[in-house]
Every structure is written in C-alpha cells, then in structure tokens.
Amino acid sequence: MNNFQRDLEYLIDEGAIAPNGKNVRFVFRYPNRLKGELGILGLNDRSYNCCRRNKINKIEDITARWNELGRMRNAGQKTVKEVKNKYVQYYYSTLDNAEERAEFWRDTINGTIGMED
C-alpha cells in the first residue's frame, strides 16, 4: 500500500471524506505537472487499450477529458475507475512536499463535502 492509498483510507475511515457514502471529489491544483506518455500510469492492458482507442495517448489527455471518461467507447466502470485511480495516485506522487499534500487533502475534503447529493 502506497502513501496515497494509506492516507485516503484513513480519511475515509475517520469520516473526513465521503460521509454518507458520497463519491470523493479530487481537486487538482497543479495539473501542469501531469505530462508524459500514458504508459507511466501502469494501467492494465484493457484500460490502456481502451484509452488508446479513444485517442487518449498522454496523461494530459486524461486531464482534458476527465469528465468524459465514463462515456468512452467500450469503457466499463472498472476501466474508468482504474484510469481515474491511477491518475490520482500519479498526481499525488508529483506533489513536492508535505504542504502541497496537505493542500490536496484539504481541497479534496472541501470539494467532497461541498458536493450536492
């Protein structure tokens, strides 16, 4: 389990994120750091090929089409979930210091709690 997974599980267990079964809403302050080929994310073959068929070849393409991922052709829930999870984990790994990571969690908590039901 990496740091991101451990921190996320802790915050969900404590009720800070996703109260009442809500979805978690992540906020990306530094999307310009997410550059590179899609292979960096370490997606399984099905998810990788699905992204490529839908003209998502780079990580920045995921950033640009974040809200459309669920409507990709031949992409089921598991594929979309994996792509989003790997993207968020990669983003978290690019945060340089504890202050940026704290900002990320603060923004995520506020974004999730502020979501409409």
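Identify all residues within segment 69-89 that are of a type in the set (A, V, I, L, M, F, W, C) and either under 12 Å from Arg46 (Cα atoms) or in contact with a Ser or Thr (Cβ under 6 Å, 6 or more places away or on another chain) (or both); write none if there are none.
Going through segment 69-89, the residues of a type in the set (A, V, I, L, M, F, W, C) turn out to be 69, 72, 75, 80, 83, 88.
Listed by number, the residues that qualify are Ala75, Val80, Val83.
Identify, please: which residue in segment 89-99 is touching a helix residue (DSSP H, G or I) at 6+ places or on another chain (Cβ under 9 Å) and in a helix (DSSP H, G or I) and is, among those, least open to solvent (accessible area, probe 1.4 Å)?
Tyr91
Are any of the residues in segment 39-47 at positive phi and assigned to a helix (DSSP H, G or I)?
The initial filter retains those residues of segment 39-47 that are at positive phi, namely 42.
Now narrow it down to the ones that are assigned to a helix (DSSP H, G or I): none.
There is no residue in segment 39-47 that is at positive phi and assigned to a helix (DSSP H, G or I).
Give Arg25, Arg65 a once-over and let me know the one that is open to solvent by 70 Å² or more (accessible area, probe 1.4 Å) and either at pLDDT 85 or above or of a type outside the set (Val, Ile, Thr) (or both). Step through it out loud before you land on a result.
Numbers: Arg65 fails: open to solvent by 70 Å² or more (accessible area, probe 1.4 Å).
Matching residue, one of Arg25, Arg65: Arg25.
What's the number of the condition Glu68 fails, among (1) over 13 Å from the mean Cα position of the chain (by Cα); (2) assigned to a helix (DSSP H, G or I); (3) touching a residue at least 24 places away in the same chain (Cβ under 8 Å)?
Tallying (1) over 13 Å from the mean Cα position of the chain (by Cα); (2) assigned to a helix (DSSP H, G or I); (3) touching a residue at least 24 places away in the same chain (Cβ under 8 Å), Glu68 fails exactly one: (3).
Test Leu11 against the stated conditions and say whether it is surrounded by 12 or more Cβ atoms within 10 Å (Cβ to Cβ) and modelled with pLDDT of 75 or more.
Values: surrounded by 12 or more Cβ atoms within 10 Å (Cβ to Cβ): yes; modelled with pLDDT of 75 or more: no.
No, not satisfied.
I'm told Val80 meets every condition in (1) open to solvent by 80 Å² or more (accessible area, probe 1.4 Å); (2) assigned to a helix (DSSP H, G or I) except one. Can you identify the failing condition by its number?
Condition not satisfied by Val80: (1).
With the checklist (1) open to solvent by less than 80 Å² (accessible area, probe 1.4 Å); (2) in contact (Cβ under 8 Å) with a residue 24 or more places away in the chain; (3) under 24 Å from Leu95 (Cβ atoms); (4) not basic (Lys, Arg) in hand, flag the one item Ile40 doesn't pass.
(1)
The values are calculated or read from the model by the stated rules, or taken from the named source; none is laboratory data. Since this is a predicted model, take the numbers as computed values, not measurements. A quick note on method: Cβ atoms are made from the backbone with ideal geometry, for glycine too, and the neighbour counts reach across all protein chains shown. Ligands, DNA and RNA are excluded from the accessible area calculation, which covers all protein heavy atoms including side chains. Shrake-Rupley method; radii C 1.70, N 1.55, O 1.52, S 1.80 Å.
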